[in-house]
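Below you'll find the structure, written out as structure tokens, and then a few comments.
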Amino acid sequence: MRLQERISHHSVPLRDPQEDILAGIRELAPEIKVRAAEIETARRIPPDIVERLRYLGLFRMFVPRSQGGLELDFPAGLEVIKAVTRLDGSMGWISIVAGIGSLIVAAARPELYQRIYQNGPDVAVCGSSQPNGTAERVADGYRVKGRWPFASGCTHADWIGGFCIVTENGKPVPGPQGKPQIRAVALPARDWEIEDTWYAAGLEGTGSHHITLRERIVPEEHLFDIDAAPRLSGPLYQALRQWLPIVHGAFSVSMAEGTVDDLLALAHTGKQQLYAATPMRESETFQYELGRISAGLRAAQAFHEVQVASHWRRALAGTLKDDDVMIEGARSAVWLATTCVGIADACFALAGSGAVYDDSPLQRRLRDLHIGAQHAHAQQRQYVDIGKLALRRSAGHAG
């Protein structure tokens with residue numbers, strides 16, 4: 001029986017699901033460090049490691065118990081994502097995709113959702129949220145075609161999705177507020193073409209290639225609106241978009257933690273840089289900069305912890321699906337990305353010339369954090385909406 005089949009038949013009991021996954025990640029840590037270069041060279045997570053992650057339960061963290069999933073509380077699932085990210089940026093990014101993918105398909109129509117999980121909860125779902133496809137209404141469903149970028153994890157996915165603009169007679173169908181109607185299409189991975197395009201400056205192991213559908217008729221049940229009323233009960237599934245900035249913040253913070261870990265490990269080797277009077281760890285200049293970095297990291301950790309707790313309280317209260325909450329999450333994601341990139345830059349500079357080599361984890365962290373900060377959820381242009389929210393709220397108090 002294959003590994004996935006053993007898991008799906010629950011032959012591996014989980015006493016405390018979160019702790020068991022975290023324990024498995026700790027056991028995997030030495031191997032990941034050794035295989036970091038392999039992951040980057042292959043530009044994907046090796047299949048055997050994917051299967052290990054599947055075995056541990058990474059792909060079923062946020063799948064409902066009704067489908068055999070773990071349905072972890074969101075903060076508990078984030079701890080798993082953070083543990084993976086602290087080991088390796090690409091694996092952390094893939095763990096985010098694993099969690100968010102299962103949350104997005106929770107908005108699918110019941111018949112599609114049952115098909116996705118018909119063989120068990122350990123399904124790898126990925127896709128692209130850019131609306132680079134079109135879905136033309138036809139008599140027997142939709143004629144879908146498109147080419148989507150940044151499909152992280154597509155090389156090991158079981159199901160793949162892409163966002164489409166719905167059209168009729170070649171023209172976009174109006175949606176809310178007059179904007180074009182957007183729907184996600186989800187199909188088995190075998191139905192998609194993967195273009196080998198992921199040659200990037202960082203997060204190289206994510207396999208974030210372009211995916212293509214070259215015009216095919218898709219049954220109506222394979223399209224769904226992720227902003228529609230929740231189809232599943234429980235706090236995890238009531239508002240999907242609001243979780244996205246929060247997981248991005250988890251990536252930034254955990255990568256910064258890993259960067260500081262790597263710098264401290266280097267200092268403890270007794271390294272003494274050229275022309276330096278003392279080893280790094282005995283230098284007051286190094287100690288001063290490390291203290292400043294540590295303070296910045298703690299501030300980032302605290303901000304993220306507060307935002308996660310706030311979102312989870314709202315989810316439990318049924319008030320998470322709110323545009324202002326989305327902006328609050330964006331505020332934390334943008335600030336955290338900028339702050340954590342600064343931490344990585346400072347650690348890289350302190351490490352000296354040895355950090356420039358490919359075998360240095362510090363340069364890999366630096367690249368991964370900078371690439372992560374290019375994501376839409378971390379773009380500084382979002383400060384405009386954040387500022388508008390602050391003005392609106394202050395005007396309300398003044399009145």
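The values are calculated or read from the model by the stated rules, or taken from the named source; none is laboratory data. Since the model is a prediction, treat every value here as computed from it, not as a measurement. Cβ atoms come from the backbone with ideal geometry, glycine included; neighbour counts cover every protein chain shown. Surface accessibility is based on the protein's heavy atoms, side chains included, excluding ligands, DNA and RNA. Shrake-Rupley method; radii C 1.70, N 1.55, O 1.52, S 1.80 Å.
For the chain, the share of DSSP beta bridges that are antiparallel, to the nearest 5, is 80%. Here are a few candidate values for Cα extents along the principal axes in Å: (1) 88, 83, 48; (2) 78, 66, 41; (3) 104, 48, 36. Which one was actually calculated from the structure I just gave you? Checked against the structure: label (2).
For the chain, the carbon plus sulfur part of the accessible surface works out to 53%, probe radius 1.4 Å. Remark on ASN132: its backbone amide H falls under 5 Å from those of PHE163, a criterion applied only to residues 5 or more positions apart or on other chains, H modelled at 1.01 Å from N. Taking the chain as a Gaussian network of alpha-carbon nodes connected by springs under 10 Å, the highest mean-square fluctuation of the residues GLY69, GLY89, GLY175 belongs to GLY175. Going through the cross-link list LYS82/LYS388; LYS145/LYS321; LYS321/LYS388; LYS171/LYS321, which pairs have a Cα-Cα distance over 23 Å in this structure? From LYS82/LYS388; LYS145/LYS321; LYS321/LYS388; LYS171/LYS321, over 23 Å: LYS82/LYS388; LYS145/LYS321; LYS171/LYS321. Sequentially through segment 341-351, phi angles give Karplus couplings (6.51, -1.76, 1.60; θ = phi - 60°) of 4, x, 5, 5, 4, 5, 5, 4, 5, 5, 6 Hz, Gly and Pro residues having no value and appearing as x. In terms of its alpha-carbon gyration tensor, segment 37-170 comes out oblate; a/c meets the 1.5 threshold, while b/c is at least as large as a/b.
Taking GLY161, GLY387, GLY133 in turn, the Gaussian network model of the chain (Cα-Cα springs below 10 Å) assigns the largest fluctuation to GLY387.
Solvent-accessible surface of segment 249-399, taken per residue with a 1.4 Å probe and all protein chains present: 51 Å².
Couplings for segment 332-338, taken from phi via the Karplus curve 6.51 cos²θ - 1.76 cosθ + 1.60 with θ = phi - 60°, read 5, 5, 5, 5, 5, 4, 5 Hz in order; Gly and Pro are left as x. The mean sequence distance of close C-alpha pairs (under 8 Å, at least 6 residues apart), as a share of the length of the chain, puts its relative contact order at 15 percent. Modelled this way, with points 7 Å down the Cα-to-C-beta line, the labels at GLN130 and ARG281 are 4.6 nm from one another. For the pair segment 207-258 and segment 345-392, the centres of their Cα atoms are 22 angstrom apart. Which of the three applies to segment 183-231, rounded, prolate or oblate, going by the alpha-carbon gyration tensor with a ≥ b ≥ c and a/c under 1.5 meaning rounded? Oblate.
Once the chymotrypsin sites (Phe, Trp or Tyr not before Pro) in DSSP loops with at most 12 neighbouring Cβ atoms within 10 Å are cut out of the chain, the longest remaining piece is 1-198.
Counting only trypsin sites (Lys or Arg not before Pro) that DSSP places in a loop and that have at most 10 other Cβ atoms within 10 Å, the longest clean stretch of the chain runs over 16-399. Normalised by the number of residues in segment 126-260, the average gap of Cα pairs under 8 Å and 6 or more apart makes the relative contact order 25 percent. Taking label positions 7 Å along the Cα-Cβ direction at both ARG298 and VAL173, the computed distance is 5.5 nm, reported to one decimal.
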